[in-house]
Amino acid sequence: GESVGLHLPTLSVQEGDNSIINCAYSNSASDYFIWYKQESGKGPQFIIDIRSNMDKRQGQRVTVLLNKTVKHLSLQIAATQPGDSAVYFCAENKDSGGGADGLTFGKGTHLIIQP
Amino acid sequence: ETGVTQSPTHLIKTRGQQVTLRCSSQSGHNTVSWYQQALGQGPQFIFQYYREEENGRGNFPPRFSGLQFPNYSSELNVNALELDDSALYLCASSPGEGEQFFGPGTRLTVL
């Protein structure tokens, strides 16, 4: 079936370094993609989103890249801080995020920041 | 804080029982979605309500049902609980398009 998945379950980086988390999706009908951060015991927290008519979008310390040709999504976090330690999920939807079939999430990447 | 609240925070039930989980959506949001998140997994879409009607459903059996009220708050009901229903249940609200705002979740344990 169609799914959204992540390449690595765990990513360990040094504090201050840049992090790159990758995601592959298979539903070519998806036109809206989101990255969520989930800390232990909490619900997913929105980080950044991107629509399929864009290749790149930047936020505060974060950048999302979308490659529709190979169906690949990445999240770049600049100058990682201890507070960035969490599980990161990519998710996709159709109809600009209003698709009634909900968000499809990947399994997540656990980002660990080493001091 | 997203403005989405859920109750209760934790719940313990036994197999075969029924449970009701509650969600208050963010002000102005008319769409509520429910997700099940098993330990170590990503959230799985259960269903979505828009203006009190279910308008989308994931791969969950009919014993998972819901309601949305005129104030856009919502309930998730699960009948005949099974051990595999143990999970974090997340509610998310949205204005219809774009970002979905998640609540903190209800941790359900079925013994």
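Brief remarks follow.
- When both bridge partners sit in the protein assembly as shown, DSSP labels roughly 90% of those beta bridges antiparallel.
- Among the listed pairs A:Lys68/A:Lys107; A:Lys37/A:Lys68; A:Lys42/B:Lys13; A:Lys56/A:Lys107; A:Lys37/B:Lys13, a Cα-Cα separation exceeding 25 Å is found for A:Lys37/B:Lys13.
- Cut-off of 10 Å, at most 15 other beta carbons, DSSP loop: longest stretch of chain B lacking such GluC sites (Glu not before Pro): B:2-51
- Residue with peak Gaussian network fluctuation, chain A [Cα springs, cutoff 10 Å], from A:Gln60, A:Gln76, A:Gln14: A:Gln60
- Under the simplified labelling scheme, the B:His10-A:Asn27 pair shows an inter-label distance of 3.4 nm, with each label point 7 Å from Cα along Cα→Cβ.
- Considering only alpha-carbon pairs that sit under 8 angstrom and 6 or more positions apart, the relative contact order computed for chain A is 37 percent.
- Distance from the C-alpha centroid of segment B:70-111 to that of segment A:42-100: 23 Å, rounded to the whole angstrom.
- The amide H of A:Gly108, built 1.01 Å from its N in the peptide plane, has A:Leu6, A:Cys90 as neighbours under 5 Å, considering only residues 5 or more places off or on other chains.
- A simple spin-label model places the labels of A:Ile112 and B:Glu97 4.2 nm from each other, with each point 7 Å out along Cα-to-Cβ.
Only the coordinates and a few stated rules stand behind these numbers; no lab work does. Please read all numbers here as calculations on a predicted model, not as lab measurements. Every residue, glycine as well, gets a Cβ built from its backbone with ideal geometry; the counts of neighbours run over all protein chains shown.
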